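Accompanying notes for the structure given below.
The values are calculated or read from the model by the stated rules, or taken from the named source; none is laboratory data. Note that this is a predicted model, so its numbers are computed, not measured. Counting neighbours? That spans all protein chains shown, and the Cβs are built from the backbone with ideal geometry, glycine included. We work out accessible area using only protein heavy atoms, side chains counted, and drop any ligands, DNA or RNA first. Shrake-Rupley method; radii C 1.70, N 1.55, O 1.52, S 1.80 Å.
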Amino acid sequence: MTYHPRGPGGTTTAPLTRIIRDSLDRLRAFDRHRPRVWDAAVTAFWVVAAVLDYTSGGWRTVAHDDVTAPESLVLLMSLGFSLPLLWRRTHPLAVLLLMAPVSVVNIWTGAVVQAALLQLIPVFQIVLRSSLRTVGAAALLFVVPVLAGGIRIPAGWGQEVVSYVWGLVFVVLLGIAVRTRREYTEALVERAHRLEHERDQQARLAAAAERTRIAREMHDIIGHNLSVITGLADGGAYAARKNPERAGQALEAIGTTSRQALSELRRLLGVLRDDHPDAERTPQPTLDELAPLIDRVRRAGLTVHLELNGDPLRAALTPGRQLTVYRVVQEALTNTLKHATGPTSATVTLTCSRTHLDAHITDTGTGTDPGTTAGTTADAAEAPLPAQGIMGMRERAALYDGTLEAGPLPDHGGWQIRLRLPLEDTHP
């Protein structure tokens, strides 16, 4: 099978085009690494050409009949036009200034050596790099000696002046085209670098947001399940002394809850591992998982009532919004398990309207404020100020233009969480 290298856009590159392009790339690379070698080679080529024009007498074919320049002067003029090319790229305007007197002598004596056209090389370099004013000055340095020679020898207008002016126009237009192309290419390269930098920044921001999301998910998973396990362990220890059968049920529930927590953590962390492409990517919890969540909390010893108004399970909620509601309910019940003291029950009310889904979670315990140390339990005394759980719930709500309020109930010592989320594709 024959391999056909492809160029940009997936098109097949012709062999000749590929050879020319590779040769030019190698030549540019050599010039970047050894510019003096290339300058010396170009200068040597034109010096040899100018000397050959002198030794072969070729300059006489274009010289005027009344030429007054001796042959030694013709040789010096040929070298004066070719040797300064060694600095054509570093000091092009200085090279042109050095050639200008030689050009005046060349035209004035009528020798008209063809090496005078080498002045167009520094003019081209000036057009590539300098301002419009400098280009105008370079054009005058090139044209004025020719015009002066045309005034002295009127017969030279058709041969020298017009050809020199047309050569100047061609070189200036060529320089403008090359300069425009170069600037366009540099702009594309700069834009590509800028886009690459912005892409890297976006990737870093996305990674930071993902780390925040993972941390929030792990906080919810670990905090909730550890609270359930703690409640079951306390209940099992109490039941072991009076009802071993109930203690065995508590231990079984602890094992089930622990395995579920480990499964969720493995799923969450497995997605992050690049070396495990087959990691399980089970969807995150939705509103359908609320009933199993409440059953686990009930087994931990907290009485929970679930009220559904308006069939929120069928509301037009995205998976992300459903996960937000699930995590808010989970965090609220976890806080009740961790911080409430005394006989406690909780109520979860979901109300779906035409435009919003409201979740209202209340409990009847005391000392359930996760942001203070009013509770009598050790967990409550060690709770941070303000609670990370409530901050995480507010961040989840804000992500979907929702609101969350948390505070004590006005009538008794309980606690309440109010979440309000707009429905997807619904315009209030």
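Using the Cβ atoms and a cut-off under 15 Å, what net charge is assigned to the surroundings of T90, where Lys and Arg are +1 and Asp and Glu are -1?
Working: positive: R32, R34, R36, R88, R89, R129; negative: D31, D39.
Net local charge, T90 excluded: +4.
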Order by accessible surface, 1.4 Å probe, largest leading, for residues F170, F124 comes to F170, F124
Using a 1.4 Å probe on heavy atoms of the protein chains only, the accessible area for E196 in Å², nearest 10, reads 90 Å²
When every protein chain stays in place and a 1.4 Å probe is rolled, D31, D363 sorted by accessible area with the largest first are D31, D363
Under a 1.4 Å probe, counting only protein heavy atoms, D53 has an accessible area in Å², nearest 10, of 30 Å²
Mean Cβ-within-10 Å packing, highest first, puts peptides 345-351, 331-337 in the order 331-337, 345-351
With all protein chains in place and a 1.4 Å probe, H360 shows an accessible area in Å² (nearest 10) of 50 Å²
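Once you sort the root eigenvalues of the Cα gyration tensor of the range 73-155 as a ≥ b ≥ c, which label holds: rounded (a/c under 1.5), prolate (a/b larger than b/c) or oblate (the other case)?
On the way: a/c = 2.80, a/b = 1.41, b/c = 1.98.
Oblate.
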For V37, V325, the accessible-area ranking with a 1.4 Å probe, largest leading, is V37, V325
